[in-house]
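A short worksheet on the structure shown next.
The values are calculated or read from the model by the stated rules, or taken from the named source; none is laboratory data. Quantities reported herein were computed from a predicted structural model and do not represent experimental measurements. Cβ coordinates were reconstructed from backbone atoms using ideal geometry, including for glycine residues, and neighbour counts include every protein chain displayed.
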Amino acid sequence: MTAPSDPRLVLSELAFELKEGCGPRFLIAICDDRERAAILRNKLDAELMGLDKAPVVIGVPLSSGNLVDAILYKTESRNPSVIHLVQEKDLSDAGTEKFFGELNFQRDSLSKLSAPFILWLYGRQIAQLAAKAPDFWSRRTAIFYFDSPSFAGLLDQIFKGFKTPERVQADEISGALRDILSSERELQKCLMNRRHFSLPKADSFIKKLRTDIQKLAAECSKGRKLDVVLWMWNAGHLDIALGRFQSPTRTPSQTTLLERNDLLLSLAEHIEKVLRQYLVQMEQKIRTKESLSLVQVFTRYALNLWAQMTRQSRKGIENIHQLDIEDIRDNEFVRADTFRALLIDNFESWLSGANDNKPSTITEEEAKILKYLYLRQSDNPVSAPLPLARIKELIPALQTKVRLLLGDVPF
């Protein structure tokens, strides 16, 4: 699981959006602790007081009237710095659905107030909002997570009723990759330390590396290039590397998410070349006793490929080839957490039908199964695309793929 979100960083991003943005905006703040959410609002409002516009808090759902009238009455027709929409304590599921329905119905009227809105939600309510207020959901400007995005919650929503493994199960790809990482470490220890060196031992590690690289190549030839890329992507923490080229004051953008998908597809086309490149470099690095790392070769190739793709669409990124996977430090996992929040948001929006942005790594058959699983207990269920027995057989592989796609694979 990822490290918890840094609330100070998220709060500063939210304040920046409110100060620098203009016009009507629908922002969503996710915090599962009601008292903590109130403290966060107070800190945010104090920072915005310098704008000479008073923030407004509206408790919802209303006992009578509608949202627009309540806001106009509370603001006395002034233009507030922000309008907080805060749920009443212990609101029932029926009350939540009624409120979300009202949000959806009054979205146009709320937009005409030309004010920024912050809807304060609990993490478990994201899917419900997307399903009950699809038009409001589609107009959201951004989501700010004050808690770690819940991979477990999303997996439970999709695979409820099916056993979810605590750890991703090893298959040919993950097993080969883990063996490669282990053999690289042992080979380096053998070559660099005279007490550990022996020619037969070094040869055995080299032979093992070649065998495992061949296993990855064999999986590629079986049509699993994207699976190999996803495993290596997570091993190299590529989401963090991409996040390094975002503005430090803004959350990762939808553009970056689309670039990520394009890059995954491009890497799938080149992954066999990356494996061959590693084998070519292996002998040279062994002779010079340099560090040998498949993940590093993959990461450098991926970032250079991304730089080429980026230069074709917008301003180039200079010296990107100098980025080394070892430069990514633990304190940058906050950026990865923010990026993964965007991944979860986009993935769940697609599952709920709020957008058509199917992840590039999900096949059409997998997409139908995942949407069936996600929507089967909603008000808008879809029919099962395959017999239930067959779906049950595919569940473990689907769970692994979703976790890989959302970066929930520890290395």
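Remarks
- Test for residue 333: is it of a type outside the set (Ser, Thr, Tyr), at pLDDT below 70 and not in a loop (DSSP other than H, G, I, E, B): yes
- The residues of region 108-123 that are of a type outside the set (Ser, Thr, Tyr) and touching a residue at least 40 places away in the same chain (Cβ under 8 Å), listed by number, are 110, 112, 113, 115, 116, 117, 118, 119, 120, 121, 123.
- Scope region 47-66; condition modelled with pLDDT under 85 and out of contact with any Pro (no Cβ under 7 Å at 6 or more places or on another chain); matching residues: 47, 49, 50, 51, 52, 60, 61, 62, 63, 64, 65, 66
- Of everything in region 23-45 that is of a type in the set (D, E, K, R) and closer than 23 Å to residue 107 by Cβ, the residue that is farthest from the chain's Cα centre (by Cα) is 41.
- Restricting attention to region 361-390, the residues that are surrounded by fewer than 17 Cβ atoms within 10 Å (Cβ to Cβ) and either of a type in the set (Val, Ile, Thr) or in contact with a strand residue (DSSP E or B) (Cβ under 8 Å, 6 or more places away or on another chain) (or both) total 2.
- Within region 275-290, the set of residues being modelled with pLDDT under 90 and loosely packed, with under 13 Cβ neighbours inside 10 Å comprises 280, 283, 284, 287, 288, 289, 290.
- Test for residue 136: is it at pLDDT 80 or above and outside any strand (DSSP E or B): yes
- Some residue of region 102-120 being of a type in the set (Phe, Trp, Tyr) and surrounded by fewer than 17 Cβ atoms within 10 Å (Cβ to Cβ): yes
- Among the residues of region 383-411, those identified as aliphatic (A, V, I, L, M), at pLDDT 85 or above and under 16 Å from residue 351 (Cβ atoms) are 384, 391, 395, 398, 402.
- With a requirement of 3 or more residues that are crowded, with 18+ Cβ neighbours inside 10 Å, the strands (runs of 3 or more DSSP E) lying completely within region 25-98 that satisfy it span 25-30, 83-87.
- Per-region count, region 358-390, residues of a type outside the set (Asp, Glu) and either within 16 Å of residue 157 (Cα to Cα) or out of contact with any helix residue (DSSP H, G or I) (no Cβ under 8 Å at 6 or more places or on another chain) (or both): 20
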